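Notes follow once the structure below has been shown.
The values are calculated or read from the model by the stated rules, or taken from the named source; none is laboratory data. From a predicted model like this one, the values you see are computed outputs, not experimental measurements. Note: ideal-geometry Cβ built from the backbone for every residue, glycine included; neighbour counts use all protein chains shown. Heavy atoms of the whole protein, side chains included, go into the accessibility calculation; ligands, DNA and RNA do not. Shrake-Rupley method; radii C 1.70, N 1.55, O 1.52, S 1.80 Å.
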Amino acid sequence: MKHSRRNFLTLAGASSLLAIAAPKLLAQGIPQEILNKILPLPGKYGEYYGQAKIRAFHLHNQPETSPLHKALEELWIEVFKQTEGELFVSPIPHDASIPAGDPQAVQFITEGRFEIVSVAGPIIDQVAPDVIGIQNIALIYQSSQDAFEIINQPLFAETLNGSVAKYNLTYLPYGTFDNGMRVVTSIASKPIYQLEDFRNLTIRIPPSNDMAMTMAALGAIPEKFTMNQVFQSLKSGAVQAQENPLSVALGFKLYEVTKYLNMTNHAWSGYNTFFNTDFWNSLSPGVQKVIQNLLPVYQAKQIKAQEEYNQYAYEQLVGTLGMVEIKSNLSGASRELIKVYRSIYNRLNPQAQSLIRSKLEEKTGSKFA
């Protein structure tokens, strides 16, 4: 069963205006201005692209300097080598400048305009609400390692793959990469010392119902913008704060439009990788096996690199770039969020519920049947 483009974009939260505009840019494939930026690729990377029998593109919203982009480059070069030139995939940062950002990037994968995408859980919490909510539960994970103990279980991959299959998407085991714990950066008049400081705070969130419920329960006023709109939404005063991992604050230069680095560590963030199912099925079993074998290797490398980069980002933000660090005290937040926890949990399918139940019960002291 395939869903219409209109329905998918409604689910994903993209604006109708941008949803209409973006396909025109890609009517003949990748826009020439994007191709001019990535091709001819330098050195061996460009040489491999030219030699490949099958060429594909992998969208993500991070900059070229990010650990995610670098890991994907290394992954696909190794795939090219191990498949003896049969497949070469080019990662494209910033979602190839698609106006509607991540939601539309996912849509283009379902349609086959591109072949692969990596996106955060909140982007697809209306597409796979019965599984991905596991990643969106606030103040439940202490670290990335804590999150991956659940995400790397075979049951998670099996369940998520089953959930997105109706959208012509395929998810593979170890197909999630790290971005780290989310923190809040805020303007000069809005430091967050304690839970009460969320009251009436206008905060940018991704187009996510789970995140909207969470921030509203804390007393904030959530405003949905895609990642390519975050900087301008802060600069224009449309919002007073945003929440993302440290690497995003550095990579997207959010230190230019916010003052406080509020170390809330309120949620984990990562990138789930989806293949267009028709494309995945078109690959030979040998190529599929190479990809499946390499994913856990490069996931581990990326997690380590991301951890190191987040530490570097922290040092740059509070040192060189002059942001003011606040160690926010969010004690008591779990009580405010219990209804949100139950709402997300009740939307999960039984398999997904079994993955998160014990952690929720430990955190809240309540039973989740």
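Just to be sure, is residue 138 in a loop (DSSP other than H, G, I, E, B), modelled with pLDDT under 95, open to solvent by less than 10 Å² (accessible area, probe 1.4 Å) and within 24 Å of residue 214 (Cβ to Cβ)?
Working: in a loop (DSSP other than H, G, I, E, B): yes; modelled with pLDDT under 95: no; open to solvent by less than 10 Å² (accessible area, probe 1.4 Å): yes; within 24 Å of residue 214 (Cβ to Cβ): yes.
Taking the combined requirement at face value, the residue does not satisfy it.
Any chance segment 102-114 includes a residue that's touching a Pro at 6+ places or on another chain (Cβ under 8 Å), in contact (Cβ under 8 Å) with a residue 12 or more places away in the chain, open to solvent by less than 20 Å² (accessible area, probe 1.4 Å) and farther than 16 Å from residue 290 by Cβ?
Scanning segment 102-114, I find at least one residue that is touching a Pro at 6+ places or on another chain (Cβ under 8 Å), in contact (Cβ under 8 Å) with a residue 12 or more places away in the chain, open to solvent by less than 20 Å² (accessible area, probe 1.4 Å) and farther than 16 Å from residue 290 by Cβ, so the answer is yes.
Among the residues of segment 28-67, how many are within 26 Å of residue 225 (Cβ to Cβ), open to solvent by 50 Å² or more (accessible area, probe 1.4 Å), modelled with pLDDT of 55 or more and in a helix (DSSP H, G or I)?
Going through segment 28-67 one residue at a time, the tally reaches 1.
Does residue 165 meet the test of being outside any strand (DSSP E or B), in contact with a Lys or Arg (Cβ under 6 Å, 6 or more places away or on another chain) and open to solvent by 10 Å² or more (accessible area, probe 1.4 Å)? First the steps, then the outcome.
Numbers: outside any strand (DSSP E or B): yes; in contact with a Lys or Arg (Cβ under 6 Å, 6 or more places away or on another chain): no; open to solvent by 10 Å² or more (accessible area, probe 1.4 Å): yes.
The answer is no for residue 165.
Collect the residues in segment 213-240 that are surrounded by fewer than 22 Cβ atoms within 10 Å (Cβ to Cβ), in a helix (DSSP H, G or I) and in contact with a strand residue (DSSP E or B) (Cβ under 7 Å, 6 or more places away or on another chain), keeping them in residue-number order.
216, 233
I'd like to know if segment 68-75 contains one or more residues that are outside any helix (DSSP H, G or I), in contact (Cβ under 8 Å) with a residue 60 or more places away in the chain and either closer than 20 Å to residue 301 by Cβ or of a type outside the set (A, V, I, L, M, F, W, C) (or both).
Within segment 68-75, the subset outside any helix (DSSP H, G or I) is none.
No.
Looking for something in contact with a helix residue (DSSP H, G or I) (Cβ under 6 Å, 6 or more places away or on another chain) and either surrounded by 21 or more Cβ atoms within 10 Å (Cβ to Cβ) or touching a residue at least 12 places away in the same chain (Cβ under 8 Å) (or both) - is there at least one such residue anywhere in segment 186-194? Step through it out loud before you land on a result.
Residues of segment 186-194 that are in contact with a helix residue (DSSP H, G or I) (Cβ under 6 Å, 6 or more places away or on another chain), as a first pass: none.
No, because not a single residue in segment 186-194 is in contact with a helix residue (DSSP H, G or I) (Cβ under 6 Å, 6 or more places away or on another chain) and either surrounded by 21 or more Cβ atoms within 10 Å (Cβ to Cβ) or touching a residue at least 12 places away in the same chain (Cβ under 8 Å) (or both).
Collect the residues in segment 171-210 that are at pLDDT below 95 and touching a strand residue (DSSP E or B) at 6+ places or on another chain (Cβ under 8 Å), keeping them in residue-number order. Talk me through it step by step, then tell me what you get.
So the first thing to find is which residues in segment 171-210 are at pLDDT below 95, and the list is 206-210.
Within segment 171-210, 206, 207, 208 qualify.
Pull out all pairs, ordered by first then second residue, where Cβ-Cβ is under 7 Å, the residues are six or more apart or on different chains, the first lies in segment 144-164 and is within 11 Å of residue 132 (Cα to Cα), and the second is open to solvent by 40 Å² or more (accessible area, probe 1.4 Å) and of a type in the set (Asp, Glu).
163/130
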